[in-house]
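Student: Pasting a structure here, questions to come.
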Amino acid sequence: MTSISRDEVAHLAHLARLDLGAEELDHYASQLDVILQAVARISEVTADDIPAMSHPVPMTNVFREDVVTASLNRADVLSMAPAVEDDRFKVPRILDEE
Amino acid sequence: MTEDLTRQSAAVLAAAIAAKEVSAQEVATAHLERIAAVDGVVHAFLHISSDSAMAQAKRVDEKIAAGTEVGPLAGVPLALKDVLAMHGEPTTAGSRILQGWKPPYDSTVVARLRAADIVILGKTNMDEFAMGSSTEHSAYGPTHNPWDLTRIPGGSGGGSAAALAAFEAPLAIGTDTGGSIRQPASVTGTVGVKPTYGAVSRYGQIALASSLDQPGPCARSVLDTALLHAAIAGHDPMDSTSINAAVPDVVAAARRADIRGMRIGVVKELSGDGYQAGVSQRYHEALSILEDLGATITEVSCPHFEYALGAYYLILPSEASSNLARFDGMRYGLRTGDDGANSVEQVMSLTREQGFGPEVKRRIMLGTYALSSGYYEAYYGQAQKVRTLITSDFNAAFANVDVLVSPTAPTTAFKLGEKLDDPLAMYLNDVATIPVNLAGICAMSLPVGLAPEDQLPVGLQIMAPAMADERLYLAGGALEAALVDRWGHLLIEEVPSL
């Protein structure tokens, strides 16, 4: 397994929507490297024929009756929003300016 | 009752309240006064819910006065980990990104606590989003261990454990993703149980790693822990991973506390090197007590446990990076940089940069890496295979023994600041607790004495198969009773006064 470069860390930060500063990028590049090298040992035992386990509960497709119930109180929910307009969440611009 | 109400067990308080020897409001007041007196130095709480606590206590007193039937813990105060949503009360998960957020709904755990007539005193401190083993990753400052205020109370649920050890509450709720109930219990001389995965609903628990997270009960004795376990466990249609089966009778098991003929396995890989001398000493003493009580002790091998830490620190960050994507500053919580010029994407990045602390960012980055195209199979995929191997190790062991035991943590409480700058050293605290979460089985930590070299509590971990949670209480109850016989009291009685 390979080591992780500063550019890669910057790319990861972008994917994760973290506006990391230059100092943070250096810091995390070295720390992630150390952690990844420590955890990479698992490949010593993971043969191809071992099934992957995503979850401890062997259940699939848990259904319930489709019953109409009250939704959350709108005033309660909107009172916690950073910005509200006309009973809706107000968000920053989502399109680039032409 | 003339004695100090804050020194009583939950079982004793509940009986006294039901018998009208003391009111729920007097009990709540005594605990709120205790919090006011000592939480300045302990910092177990992030938020005290005095008004709602007193209102709930009043309702309980009215019910009892009217002769209405109440739950077995009616009127008993509880400290709630700040990762569980409580309608109208601040819920931050120890993060700045949720500062000031008041959930518009109750988590199932909170709904059940209310239905059980339990009095919630407030929200307890924790490592941010439950990432840590010391509470030092809380955005609101660390919690101090009541045994020694210069030391960590464990984590992530250090606030809940410290509240118990400081006699601020007789009951607490924690959540355990890799040891966050058990390791704090171990280092504070208290009891904590991580129930079987799916036994207690995760609905309304702010998710860290959804396939590992599990809420559970914390208290100062095995019986109190069992009473709380029974109050919160059981099927919930709001959690699709909730197990639809009868809850084992943990209270009866705690009361019976008989382990004659029980087969106990010592996990070889969790009993060797790497433990503090006093931890090993108290652990081995506890094993011989268990043997004296009529259990048979054999050594079992779980050869893949040495890979558990590596698998965990790939699976957890992967799931966490996905779960924490919801904190984007759009519908609730912090929003930063919304100046009219920045795009939504820039606002999200600025918000998350400001709102998350260093450990959260570290794990989000790690998870984003492990899940990214080209690395997914090499990291996340391989870690899932290790999970299968560890589960097979447990299954093989439980074919021959009823429960497994190990020390809960490698050391007693370490000093605040000691491991803060070394993420790997911090992660190693969880080496004995993590396999349980990977397999989804249940485990308890209970105190077995003070390490001679530092006079700090040592915890023993008992592990049982999925949906056999009652075995934890049988074994834990028996061991606790034998230790109380020996000491004349619970270990927690030896905590220095604050």
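The values are calculated or read from the model by the stated rules, or taken from the named source; none is laboratory data. Only a predicted model underlies this, so the values are computations on that prediction, with no experimental measurement involved. Methodologically, a virtual Cβ is constructed for each residue, glycine included, from the backbone with ideal geometry; neighbour enumeration extends over all protein chains shown.
Student: When only residues in region B:309-338 that are facing chain A (nearest Cβ under 7 Å) and among the hydroxyl-bearing types (Ser, Thr, Tyr) count, which is nearest to B:THR135 (Cα to Cα)?
Tutor: B:TYR313
Student: Report the residue count in region B:142-158 for those that are within 13 Å of B:ALA93 (Cα to Cα) and either in a loop (DSSP other than H, G, I, E, B) or not small (Gly, Ala, Ser) (or both). Lay out the reasoning, then the answer.
Tutor: Keep residues of region B:142-158 that are within 13 Å of B:ALA93 (Cα to Cα), which gives B:155-158.
In the following step, the residues that additionally are either in a loop (DSSP other than H, G, I, E, B) or not small (Gly, Ala, Ser) (or both) were identified as B:155-157.
Matching residues across region B:142-158 total 3.
Student: Counting just the residues of region B:85-125 that are among the basic types (Lys, Arg) and surrounded by fewer than 24 Cβ atoms within 10 Å (Cβ to Cβ), which one comes out farthest from B:ALA30 (Cα to Cα)?
Tutor: B:ARG96
Student: A further question follows. State all residues of region B:240-258 that are in contact with a Lys or Arg (Cβ under 9 Å, 6 or more places away or on another chain) and either crowded, with 19+ Cβ neighbours inside 10 Å or modelled with pLDDT of 95 or more (or both); if no residue qualifies, say none.
Tutor: Within region B:240-258, B:THR241, B:SER242, B:PRO248, B:ALA253 qualify.
Student: Another question, then. Any idea which residue in region B:354-378 is modelled with the highest pLDDT, counting only those that are at the interface with chain A (Cβ under 8 Å from one of its Cβ atoms) and more than 28 Å from the chain's Cα centre (by Cα)?
Tutor: For region B:354-378, the residue satisfying everything is B:TYR369.
Student: Residue check: is A:PRO56 under 30 Å from B:ILE441 (Cβ atoms) and within 9 Å of chain B (Cβ to nearest Cβ)?
Tutor: So A:PRO56 fits the description; yes.
Student: Quick one: which of A:ILE50, A:ILE42 is farther than 22 Å from B:PRO423 by Cα and either facing chain B (nearest Cβ under 7 Å) or touching a strand residue (DSSP E or B) at 6+ places or on another chain (Cβ under 9 Å) (or both)?
Tutor: A:ILE50
Student: Residue by residue through region B:203-220, note down the ones that are polar (S, T, N, Q) and assigned to a strand (DSSP E or B).
Tutor: The one that is polar (S, T, N, Q) and assigned to a strand (DSSP E or B): B:GLN205.
Student: Still on this model: Would you point out which residue out of B:VAL222, B:VAL191, B:VAL187 is surrounded by 24 or more Cβ atoms within 10 Å (Cβ to Cβ), more than 14 Å from chain A (Cβ to nearest Cβ) and either more than 25 Å from B:LEU428 (Cβ to Cβ) or at pLDDT below 95 (or both)?
Tutor: Of B:VAL222, B:VAL191, B:VAL187, the one residue that is surrounded by 24 or more Cβ atoms within 10 Å (Cβ to Cβ), more than 14 Å from chain A (Cβ to nearest Cβ) and either more than 25 Å from B:LEU428 (Cβ to Cβ) or at pLDDT below 95 (or both) is B:VAL222.
Student: When you go through B:GLY333, B:GLY274, B:GLY329 one by one, which is the residue that is under 19 Å from B:THR408 (Cα atoms) and either buried (at least 19 other Cβ atoms within 10 Å of the Cβ) or under 24 Å from the mean Cα position of the chain (by Cα) (or both)?
Tutor: Step by step, each of B:GLY333, B:GLY274, B:GLY329 is checked, and only B:GLY274 is under 19 Å from B:THR408 (Cα atoms) and either buried (at least 19 other Cβ atoms within 10 Å of the Cβ) or under 24 Å from the mean Cα position of the chain (by Cα) (or both).
Student: Within chain A, considering only helices (runs of 4 or more DSSP H) that don't extend past its boundaries, which have at least 3 residues that are surrounded by 10 or more Cβ atoms within 10 Å (Cβ to Cβ) and among the β-branched types (Val, Ile, Thr)? Write out each step before concluding.
Tutor: Numbers: elements: A:6-15, A:22-39, A:74-78.
Because the criterion is at least 3 residues that are surrounded by 10 or more Cβ atoms within 10 Å (Cβ to Cβ) and among the β-branched types (Val, Ile, Thr), the helices (runs of 4 or more DSSP H) in chain A that meet it are A:22-39.
Student: Now, a different point. Of the numbered conditions (1) at the interface with chain A (Cβ under 9 Å from one of its Cβ atoms); (2) among the aliphatic types (A, V, I, L, M); (3) surrounded by fewer than 22 Cβ atoms within 10 Å (Cβ to Cβ); (4) under 26 Å from B:ALA185 (Cα atoms), B:ALA341 satisfies every one except a single condition; which is it?
Tutor: (4)
Student: Here are the criteria: (1) farther than 26 Å from B:THR143 by Cα; (2) among the β-branched types (Val, Ile, Thr); (3) not in a loop (DSSP other than H, G, I, E, B). Tell me which single one B:VAL41 does not satisfy.
Tutor: (1)
Student: Please verify whether A:VAL62 is at the interface with chain B (Cβ under 9 Å from one of its Cβ atoms) and more than 22 Å from the chain's Cα centre (by Cα), treating the condition exactly as stated. Break it down stepwise before answering.
Tutor: On the way: at the interface with chain B (Cβ under 9 Å from one of its Cβ atoms): yes; more than 22 Å from the chain's Cα centre (by Cα): yes.
Against the criterion (at the interface with chain B (Cβ under 9 Å from one of its Cβ atoms) and more than 22 Å from the chain's Cα centre (by Cα)), A:VAL62 qualifies.
Student: Further, regarding this structure: Can B:PRO237 be described as part of a loop (DSSP other than H, G, I, E, B), modelled with pLDDT of 95 or more and not aliphatic (A, V, I, L, M)?
Tutor: Spelling it out, it is not the case that B:PRO237 is part of a loop (DSSP other than H, G, I, E, B), modelled with pLDDT of 95 or more and not aliphatic (A, V, I, L, M).
Student: Checking B:ALA341 against (1) modelled with pLDDT of 95 or more; (2) farther than 21 Å from A:ALA13 by Cα; (3) assigned to a loop (DSSP other than H, G, I, E, B): exactly one of these is not met. Which one?
Tutor: Single failed check for B:ALA341: (1).
Student: If you don't mind, there's one more thing I want to ask. Looking for something small (Gly, Ala, Ser) and free of Cβ contacts under 8 Å to residues at least 12 places away in the same chain - is there at least one such residue anywhere in region B:461-472?
Tutor: no
Student: Which members of region B:427-458 meet the condition of being within 14 Å of another protein chain (Cβ to nearest Cβ), touching a Pro at 6+ places or on another chain (Cβ under 8 Å) and among the small types (Gly, Ala, Ser)?
Tutor: If the condition is that a residue be within 14 Å of another protein chain (Cβ to nearest Cβ), touching a Pro at 6+ places or on another chain (Cβ under 8 Å) and among the small types (Gly, Ala, Ser), then B:ALA439, B:GLY440 are the ones that fit.
Student: Being modelled with pLDDT of 95 or more, part of a helix (DSSP H, G or I) and of a type outside the set (Phe, Trp, Tyr): is that true of B:ALA325 here? It would help to see each step written out before you state the result.
Tutor: Numbers: modelled with pLDDT of 95 or more: yes; part of a helix (DSSP H, G or I): yes; of a type outside the set (Phe, Trp, Tyr): yes.
For B:ALA325, the condition - modelled with pLDDT of 95 or more, part of a helix (DSSP H, G or I) and of a type outside the set (Phe, Trp, Tyr) - is met.
Student: Separate question: Just one of B:ILE232, B:ILE243 is in contact (Cβ under 8 Å) with a residue 24 or more places away in the chain, within 27 Å of B:ALA199 (Cα to Cα) and more than 10 Å from chain A (Cβ to nearest Cβ); which is it? First the steps, then the outcome.
Tutor: Details: B:ILE243 fails: more than 10 Å from chain A (Cβ to nearest Cβ).
Just a single option satisfies the conditions, and that option is B:ILE232.
Student: Do we find a residue being within 14 Å of chain A (Cβ to nearest Cβ) and surrounded by 16 or more Cβ atoms within 10 Å (Cβ to Cβ) anywhere in region B:278-301?
Tutor: no
Student: Applying the selection to region B:427-450, what residues are over 30 Å from B:GLU470 (Cβ atoms) and surrounded by fewer than 22 Cβ atoms within 10 Å (Cβ to Cβ)?
Tutor: Result: B:LEU428, single match.
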